[in-house]
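Enquirer: Supplied in structure tokens, the structure appears directly below.
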Amino acid sequence: MAESHFDPIDYDTIRGLLEYEGDPAVSIFMPTHRRGPETELDTVQLKNLLADAATILENRGLRRPAIESIMEGPSSLLDDRLFWQHQLDGLALFSGDGFFQSYRVPLQLAAHVYVNRSFHTKPLLPALGRGHFYVLALSLGSVRLMRGTKYGIEEIDLSEIEMPFSLDDTLRFDEFDSRGGLQNRPAGKGGAGGRLQFHGHGPGGEDTKAEALRHFQGVSAGIGEVLRGEKAPLVVAAVDYLHPIFRQATDYQHVTGHGIDGNPDRLSAADLHERAWPIVEPLFDSGLREAIENYGTYQAQDRGSCTGTEVLTAAFQGRVDVLLLRAGASMWGTYDFAEDHLDVHGDEAKGEDLLDLAARQTVLGGGRVYVVEPERMPCPSEVAALFRY
């Protein structure tokens, strides 16, 4: 079942967390419950995790006022009943001096507190490889635009966008245009300022198609304000004869080859998510498949590696194009970039997760990160990378 109360995770999200400059940076992860009496236990668990974080900060030499300042954001959630009524499967909190962000995610997150020089984002990385997409539920009587990921979907508020939401809106505008002397403004690649010609009758007839084209030109111009600069797939949900008309009307270059057929007015956001995901999933998985298939070629050209030191060095140099992390793996230790020295010791208290560090440098360098199931890794290692050069 898709949920509307989720916080989408994308590369901009991760990058924003990684660009935080402050020490210490506190990262808290915990599982949560969507419904039922167990939701009351979530606040108890958070309270315990906050106590753990405070102890770690105290052991690092911070005084009580500084600790309270850093923990003010996550502590404020304890009494926010509305917040706890709209949870998914996991909660991630990031807090520092003057900084706080929370993310409700449909990921199974283990309860843990990390305190380091930067935020620990690796538990959120499984959401990255799937990206986001849009669904446009389109009929002659309504328009809904939704943003989704593999894990859920949420409707976008279009109330502030100047656009027609029904064919009647478009026809009323055309009638005003005719009587008021205003000129039709073109919209979309099918847009033309002149009058539409009607040559038939009934649903799917030439007159209906011409009216629909004019209407969809206005819709496309409106949602174009939301999608400006986007390259995410757009899945159109509409009755069959409306699909080619919208394609003619729109300038958006990333409408999927297949859409959802049928009257979308009868489908909930959850229904649309269930039908849209199989359409876009192959598009998102193609990058990972390509990276796995090309790894051998890259390695033969000295542009690929499964060795931790080589991957970390390349990540710090901005050379990692694609980073593959084995799902569930960690590599605790320290890395000295200046000396190119990697020390893996397995002691979380004396170092940091080197895989998280590699992911951090890859994202900041504009590379892509995938969390990969062990059986799909191109080599028996916790990490693999394809280099730009």
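Enquirer: Report, by residue number, each residue of region 94-112 that is free of Cβ contacts under 8 Å to residues at least 60 places away in the same chain and either assigned to a strand (DSSP E or B) or touching a Cys at 6+ places or on another chain (Cβ under 8 Å) (or both).
Expert: Across region 94-112, the qualifying residue is only Phe100.
Enquirer: Moving to a separate point now. Kindly provide the set of residues from region 125-145 that are modelled with pLDDT of 95 or more and buried (at least 20 other Cβ atoms within 10 Å of the Cβ), ordered by number.
Expert: Result: Tyr134, Val135, Leu136, Ala137, Leu138, Val143, Leu145.
Enquirer: Which residue, of Arg81, Arg15, Arg34, is closer than 30 Å to Gly366 by Cβ and outside the structural domain of Asp157 (by TED's automatic domain parsing)?
Expert: Within the list Arg81, Arg15, Arg34, the selection yields Arg15.
Enquirer: What residue, of Leu342, Leu364, is under 23 Å from the mean Cα position of the chain (by Cα) and either in the same structural domain as Val383 (by TED's automatic domain parsing) or hydrophobic (A, V, I, L, M, F, W, C) (or both)?
Expert: The conditions single out Leu364.
Enquirer: Right, another one. Which number in (1) out of contact with any Ser or Thr (no Cβ under 8 Å at 6 or more places or on another chain); (2) surrounded by 14 or more Cβ atoms within 10 Å (Cβ to Cβ); (3) outside the structural domain of Val363 (by TED's automatic domain parsing); (4) of a type in the set (S, T, N, Q) marks the one condition that Thr250 misses?
Expert: (1)
Enquirer: When you check Ser220 against the structure, is it under 25 Å from the mean Cα position of the chain (by Cα), without any contact (Cβ under 8 Å) to a residue 60 or more places away in the chain and crowded, with 20+ Cβ neighbours inside 10 Å, yes or no?
Expert: It is true that Ser220 is under 25 Å from the mean Cα position of the chain (by Cα), without any contact (Cβ under 8 Å) to a residue 60 or more places away in the chain and crowded, with 20+ Cβ neighbours inside 10 Å.
Enquirer: Among the residues of region 340-349, is there at least one that is surrounded by 18 or more Cβ atoms within 10 Å (Cβ to Cβ), touching a residue at least 12 places away in the same chain (Cβ under 8 Å) and under 18 Å from Leu128 (Cα atoms)?
Expert: Checked region 340-349: no residue is surrounded by 18 or more Cβ atoms within 10 Å (Cβ to Cβ), touching a residue at least 12 places away in the same chain (Cβ under 8 Å) and under 18 Å from Leu128 (Cα atoms).
Enquirer: Out of region 60-89, which residues are aromatic (Phe, Trp, Tyr) and either exposed (fewer than 14 other Cβ atoms within 10 Å of the Cβ) or farther than 15 Å from Leu49 by Cβ (or both)?
Expert: Across region 60-89, the qualifying residue is only Phe83.
Quick grid of which residues meet (1) among the small types (Gly, Ala, Ser); (2) assigned to a strand (DSSP E or B):
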position	(1), (2)
Leu82	no, no
Ala92	yes, yes
Tyr114	no, yes
Leu125	no, no
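Enquirer: Another question, then. Restricting to region 44-65, name every residue that is within 18 Å of Phe119 (Cα to Cα) and small (Gly, Ala, Ser).
Expert: Ala53, Ala54 - these are the residues of region 44-65 that are within 18 Å of Phe119 (Cα to Cα) and small (Gly, Ala, Ser).
Enquirer: For the condition closer than 30 Å to Ala276 by Cα, among the polar types (S, T, N, Q) and part of a helix (DSSP H, G or I), what is the one hit in Thr43, Thr13, Thr55?
Expert: Thr13
The values are calculated or read from the model by the stated rules, or taken from the named source; none is laboratory data. Since the structure is predicted, the reported quantities are computational estimates derived from the model, not experimental observations. As a convention, Cβ positions derive from the backbone with ideal geometry for all residues, glycine included, and neighbour counts pool all protein chains shown.
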